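> I'd like to ask you about the structure that follows.
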Amino acid sequence: PRKIIIDTDPGQDDAFAILFALGSPAELEVVGITTVGGNVPLPLTSKNALKVVELAGRPDVPVYAGCPGPMVKTLMTAEYVHGKTGLDGADLPEPVTPLQSEHGVNYLVRAIMDAPEGELTVCTLGPMTNLAMAMTMEPRIIPRLREVVLMGGGFFEGGNATPAAEFNIFVDPHAAHKVFDSGVPLTMAGIDCTYTAMMTLEWLDRLRATGSRAAIEAANLADFYRQYGSHKFGTPGRPIHDACVTGYLLAPDIYEKRQCAVTVDIVSPETIGMTVVDWWHVTGRRKNCNVLRRIEPAPFFELMLQRISAL
Ligand code: BDR
Ligand code: CA
């Protein structure tokens with residue numbers, strides 16, 4: 001299986017992404033999870049990550065708390081989407097397993113330096129602070145990574161945090177800029193892509209009906225998350241952003257994509273945090289990012305249903 005570290009701020013859709021990955025042990029080995037302040041503050045994202053690995057029956061997956069907030073800006077959270085706890089809607093007991101004592105950034109550096117070159121993939125599902133800090137502390141990790149697959153950004157659909165910027169990139173644009181500029185192989189699941197796979201009520205009913213504990217609690221989370229609404233397209237469906245990262249690792253062929261030059265704006269007051277995608281290659285700049293544009297929803301949701309209910 002492909003070895004991955006999940007860097008995350010759970011978060012409803014983060015929980016789906018983690019369960020989807022842990023339910024796919026033949027293809028993915030989650031070697032560790034690092035947490036970051038994002039959807040809710042760090043103590044909650046860390047606790048939530050522990051709850052999710054326990055729900056998956058995988059308390060052996062170590063969880064490391066990373067940075068509480070962005071490199072330069074002040075933390076902006078999203079309780080209006082994910083609830084006060086970050087995982088409102090589900091009834092998950094207090095985690096039994098403790099957090100690891102090592103800092104998440106130190107763990108990233110150690111794990112990547114210790115692994116064979118080209119082995120580890122880092123999946124970022126929140127603001128990219130931890131990875132950017134790790135790259136700053138130890139630049140030799142950059143050529144050692146196989147790939148960074150991130151949920152963040154968007155270009156054609158505009159932003160969801162500002163007219164120009166998606167939440168994860170907007171919260172820590174400087175971190176994203178550092179990673180996009182680093183030369184590491186990148187795949188970006190931005191909102192252009194995530195809004196093409198809408199989670200429907202029918203699918204949630206099917207998930208719940210599988211009867212597994214993980215599936216039922218995931219459906220409970222989604223019931224809360226879905227209330228936040230579909231202001232964007234006026235449809236009853238909701239995108240399940242972070243899970244699109246796991247879906248890509250498992251089934252890249254159901255995604256439409258293009259290698260492009262992508263930069264992150266960190267200077268303009270109106271568009272800070274925007275991922276500027278050179279889709280037509282007009283700048284001639286190095287194509288640093290595999291930009292995911294569209295998902296085939298049916299196979300994506302079938303696979304996720306199968307994997308989460310298998311836990
Ligand atoms: C991203 O923002 C967060 O609220 C979600 O967890 C996801 O990572 C979507 O813009
Ligand atoms: Ca997230």
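> For a protection proxy built on the mean count of beta-carbon atoms within 10 angstrom, sort 244-257, 8-21, 76-89, 30-43 highest first, please. Don't skip to the end; give the middle numbers.
On the way: 244-257: 20.9, 8-21: 29.7, 76-89: 18.9, 30-43: 25.1.
Ranking the peptides 244-257, 8-21, 76-89, 30-43 by packing returns 8-21, 30-43, 244-257, 76-89.
> Between GLN227 and HIS103, what FRET efficiency comes out of the Förster formula 1/(1 + (r/R0)^6) with R0 = 35 Å and r the beta carbon distance, rounded to 0.05?
Details: r = 35 Å, r/R0 = 1.01.
Step by step, r from the Cβ atoms, then E = 0.50.
> Follow-up. Classify region 142-200: rounded, prolate or oblate, from the alpha-carbon gyration tensor (a ≥ b ≥ c, eigenvalue square roots; a/c under 1.5 rounded; otherwise prolate if a/b is larger than b/c)? Write out the running numbers ahead of the final one.
Details: a/c = 2.79, a/b = 1.50, b/c = 1.86.
Verdict is oblate for region 142-200.
> Pull out the extension gain between VAL31 and VAL72, defined as 0.36 nm times the separation in residues minus the alpha carbon to alpha carbon distance; nm, one decimal.
Working: separation 41, 0.36 × 41 = 14.76 nm, distance 2.91 nm.
Using 0.36 nm per residue and subtracting the Cα-Cα distance, I get 11.9 nm.
> Per-residue counts of other Cβ atoms within 10 Å, averaged by peptide: what ranking do you get for 281-294, 165-178, highest first? Intermediate values should be presented prior to the final figure.
Working: 281-294: 16.0, 165-178: 26.8.
Per-residue mean Cβ counts within 10 Å order the peptides as 165-178, 281-294.
> So, in Å, what gap is there between the alpha-carbon centers of region 71-141 and region 148-193?
Their Cα centres are 16 Å away from one another.
> Then there is this: Over the chain, what percent of the accessible surface lies on carbon and sulfur atoms, probe 1.4 Å? Write down the numbers at each step before the final one.
On the way: 6540 of 11770 Å².
Heavy-atom surface of the chain belonging to carbon and sulfur, 1.4 Å probe: 56 percent.
> Related question: Can you divide the C-alpha Rg of region 210-311 by 2.2 N^0.38 Å and report the result to two decimal places? Numbers along the way, then the final one.
Details: Rg = 17.4 Å, N = 102, 2.2 N^0.38 = 12.8 Å.
Rounded to two decimals, the normalised Rg is 1.36.
> Take VAL63, VAL96 and sort them by solvent-accessible surface of the protein heavy atoms, 1.4 Å probe, largest at the top. Each step should come with its number before you reach the end.
Details: VAL63 0, VAL96 125 Å².
Per-residue accessible area, sorted high to low, gives VAL96, VAL63.
> May I ask you to give the average projected area over all directions of the convex hull of the Cα atoms of the chain, in nm² rounded to one decimal?
On the way: hull surface 56.8 nm².
If you wrap the Cα atoms of the chain in a convex hull and average its projections, you get 14.2 nm².
> In Å², and per residue, what accessible area does the chain have when probed at 1.4 Å with the other protein chains present? Can you show the working numbers first?
Values: 11770 Å² over 311 residues.
Result: 38 Å² per residue.
> Still on this structure, I have one more. Can you tell me what share of the DSSP beta bridges in region 103-239 is antiparallel? A percent to the nearest 5 is fine.
On the way: 2 of 10 bridges.
Around 20 percent of the beta bridges assigned by DSSP in region 103-239 are antiparallel ones.
> Amide H to amide H under 5 Å from ALA164: which residues, 5+ apart in sequence or cross-chain, H placed 1.01 Å off N in plane?
GLY159
> Per residue, how big is the convex hull around the C-alpha atoms of region 93-247? Give it to me in cubic angstrom, could you? Present the calculation step by step, with values, prior to reporting the outcome.
Numbers: hull volume 22.2 nm³, N = 155.
So the per-residue hull volume is 143 Å³.
> Next up: Just to be sure I understand: of the beta bridges DSSP finds with both ends in the chain, what percent are antiparallel, rounded to 5? Each step should come with its number before you reach the end.
Values: 12 of 38 bridges.
Percentage antiparallel, nearest 5: 30.
The values are calculated or read from the model by the stated rules, or taken from the named source; none is laboratory data. What you see is a predicted model; the values in this text were computed from it and never measured. Heads up, the Cβs are rebuilt from the backbone with ideal geometry, glycines too, and the neighbour counts pull from every protein chain shown. Calculation scope for accessible area: heavy atoms of the full protein, side chains included, ligands and nucleic acids excluded. Shrake-Rupley method; radii C 1.70, N 1.55, O 1.52, S 1.80 Å.
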